[in-house]
Amino acid sequence: MPKEKEKLAHRIYKFAGRKKVGMLFLCVISAAVFGWVLYVGKGEDTGDRAEVVRIQSGNSTLSYSPTYEVVGTAINGSSIGSQERGGSPPLAPPPPPLPSPPPPQEFFLGYTLPPGHPSCPVCYLPVEEAIALMPKFPSPSPVLKNLTYVHEETLSREGEFGGSDFGGYPTLRQRNDSYDIRESMSVHCGFIKGSRPGRGTGFDIDDSDLLEMEQCNGVVVASAIFANFDELQQPKNISEHAKRTVCFFMFVDEETESYLRNSSMLDSNKRSGLWRVVVVRNLPYKDARRTGKIPKLLLHRLFPNVRYSLWIDGKLELVVDPYQILERFLWRKNATFAISRHYRRFDVFIEAEANKAAAKYDNTSIDFQIEFYKKEGLTPYSVAKLPITSDVPEGCVIIKEHVPISNLFTCLWFNEVDRFTSRDQISFSIVRDKITAKTNWTLNMFLDCERRNFVIQKYHRDILEQRAGRVPVTIHPPPPIFLPPPLPLTRAHGTKSEGSVNGPVKKVTTEHGREERSSRRHRKVSAGGLPTAAEANWDHHRVILPLRQTKPGGQAARAHFNTAAAFSPEEETPGLGTQRTFIPNRSAMDFAYAHYMLTEGCMEEEENPAGRFVSDEAYRKRLREALGMNRTRILAFKNKPPAPIQPVIPPEFTSPLPPSKPRRYIPQSWERKLDAPDLADDYRLNLLDWGSANVLAVALGSTVYLWNASTGSISELVTVDDEIGPVTSVSWAPNGTDIAVGLNNAEVQFWDSTANALLRTLSGGHTSCVGSLAWNNHILTTGGMDGKIINNDMRVGSNIVATFRGHTEEVCGLKWSDSGWQLASGGNDKLLYIWDRRRSTASSTTGGPFLHRLKEHRDAVKALAWCPFQESLLASGGGGGDRCIKFWDTQTGECLNSFDTGSQVCALLWNRNERERELLSSHGLPRNQLTLWMYPSLMKIVERTDHESPALFLAQSPDGCAVASAAPAEDQTLRIWNVFGDPQLAGKTALKANPEPFPLFNRIR
């Protein structure tokens, strides 16, 4: 018998050893492994595997599958399954099991929903504080002041260039003309057949609904579901104040309304929870996604009396109070439009290829749109577009203030969607770039992980695309399978509460931009499968973007910290979105601001001005200004004063008006140009000054050069040793002959320029380089990288007479007021301080507490300028993360106005001629421009973009007519501009031209 067994085993081994049989076995094993990976493995994320996890709850054991509970995982942000595998028990006992509902749709489809991407922490103010910060007046709209909409009873199709019966058929010429931004404009903006939304417009709404929409006059939260494409989600964590004052409107079609009523989700008052449901009839498009763009982009037309709107896609659930969202993304940023950028793609061309690969629209139409945009100048995204961080928005959330310029943007964006494909992410950047090229309007493109902090996507839309239509159908489940009762976290998507329906299964046609085969491929990729060749190519393009973007020449990297985070692949890590506890992306967090808010941000006090008469308050204000007194404090411990009873400046002077015709000749270019090699590229330094003797001083490396503007002569003042250099600041004394030179070794040298003699050296006050200098008669004020500000009396041996401590980082700018009583200081800590000289005493070397600490800027503050014609008016400018010019009443600490320039503000200068109320600003990226503004309307008079790199330094001639600007890096030039010429000398310049300007200066090295 053993021999028979051995013989049989030998025959089996011999048979299996044949080549054909071995190949057959290998194919079977390979097919089995492939099938397991495709339908069970779900990629590398073990959290997506169909494991059964058991949790003890009292005496019962609950069993469920992470695959079956993936929707609940996305809602709560933590996976119970992952807790079990990690060994930590759940925070609270789970609720008792409920009767097992029918399995969700994804159970029959055979794949799990994608877990989504992680959200990042967002610092919201408490609801009460956010509501209190709501602006009382609308934000200014640059250039555009009046916007009307085209209305045509009879559509004109002559010279058709795309369009529809709803949006009209504007010609190519009309389209191009709509991007020529003017003070008053009339553009196509949907609803072409009606003067206002309503019946007969192709987006018909009942009169009762229209009346309620017109009564909404504050904040509106809007969403839409068409063709029953999404599941209605109820907002959560909404404050009682928001429930009373915020309008929640959900736009649906008749099909969706029928489903909501049959599901008992809609009451007789057309309400579903917080949502007021509005039924739209006579839809203009067959494609539900294109129809959804109407409420998404045209909310200002649907709600004509609303100030702010928050749009969220129908698949999203709002989980943060609307007032907190508005404060965080609009009011805090001084923005009128906010949208999240795509979490993965930054380039429109890559986005177009992704849409084609996923069959979201027919490829021919996408190619035609992209080719058309190429001819208009659309280029791939690159770091040259900074501070613009992306060309591709996520688009599912739009936060907007309804002002003319933001309304124009969404109108023109909708026209592109109406004219080309419905993929609004492709047309976003071309509209944005065309508008920003004509105006200084900017929008806030925040991180998409921040967007996922206040809205939650509970399912992937591809699931609902494959589910049966709401027309009667019959669902035949597979043979009975034992299913353990799931945790009662969510309602199963795609199922009904009772009964069954019959009818054919609805197939999504290519008209909706989907095909079953391509859509399934897209789902597998998004769920964690192997990437396609196209996606690998997208990843390649994404990886080659730089991970860090810093300013050349030693500027602080933290000034661009958030910008750099936009390009970091660590920003969002797929697979972590299902856990509540995760390692945060610290590069996207503002630790300085967080630390300040935790330690000092709660020190603000609120004064109650109730009970004061307006006339009394006005009298007190004028009395304080006349006597130089602070509002109420002896020791200033508060950061921000209360809002005034009435505006400091009358409204008739603050409303933007078109600039009048200039009364003087403004040259179209610079008068003279100097070569400035070795000019330091450091935003925090001050390397240029023009003295009262008409001599211009500039520091190039370790050498200080002097140019006499009267004679044209050039001389070298001093070259310091490398051990103490380079030179970090220069400032002329009031006499015009003596000059202070700040050094990298924390010393300040005092030179006589006429004799080229060193008079004295100030040391021991600072511990690091001195980057800022300011004179007040015989007092020289120095600001160092150590954050200290020191007053030095140059008449005595013990020079230090007062020290001001407030800044926690480098002091970037110092300016004394004309009266000599107030000092303004700006720092790299984003703070602006106002100091009062009268608070320091002769018996103490420590200056008194600050008069005001102003924290409204969001980046380093260097540019400071006191108004020569209005007492206590200060202008300040912020760095690349702020880009705003702000105007302050330094007696009260009130911010009179704030204006976003769209670029880093490097320096500010006022026109000293009181009749010409003008302000000159120099800027950095992206345009490196010099801009002349009219005050107080802030209308742009003239702009020059001659510099090739940031114009970091400005200096004004003693007669106030000419201005010198200096730019380092690629530019390395110093240019003289006759900006503030004498109005009586029209066409003449204050400086005489030289046929060979500065021949000696070009030889200075």
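Throughout, read-outs are computed from the coordinates displayed, never taken from laboratory work. Keep in mind that this is a model prediction, so the values were computed, not measured. All Cβ positions, glycine included, derive from the backbone under ideal geometry; neighbour counts span all protein chains shown.
Pairs exceeding a 21 Å alpha-carbon distance, out of Lys236/Lys286; Lys333/Lys886; Lys243/Lys293; Lys434/Lys855; Lys145/Lys243: Lys236/Lys286; Lys243/Lys293; Lys434/Lys855; Lys145/Lys243. Between the amide H of Val187 and those of Thr148, Tyr149, Val150, distances stay under 5 Å, these residues lying 5 or more places away or on another chain, with hydrogens modeled in the peptide plane.
Overall shape of region 143-462 was characterised from the C-alpha gyration tensor. The equivalent ellipsoid obtained from it has semi-axes of 28, 23, 20 Å, in decreasing order. Here region 696-716 is scanned for amide nitrogen atoms under 19 Å from the site 7 Å beyond the Cα of Glu723 along Cα-to-Cβ, giving 702-703. The stretch between Lys940 and Thr754, if pulled fully straight at 0.36 nm per residue, gains 62.9 nm over its current Cα-Cα span. Sorted on the mean count of surrounding Cβ atoms within 10 Å across their residues, most packed first, peptides 380-386, 823-829, 700-706, 25-31 read 823-829, 700-706, 380-386, 25-31. Peptides 225-231, 202-208, ordered by how many other C-beta atoms sit within 10 Å of their residues on average, highest first, read 225-231, 202-208. The alpha-carbon atoms of region 141-289, seen along their principal axes, cover 50, 35, 25 angstrom, with the largest extent given first.
Averaging Cα coordinates gives a centre for region 244-313 and one for region 167-218; these two points are 17 Å apart.
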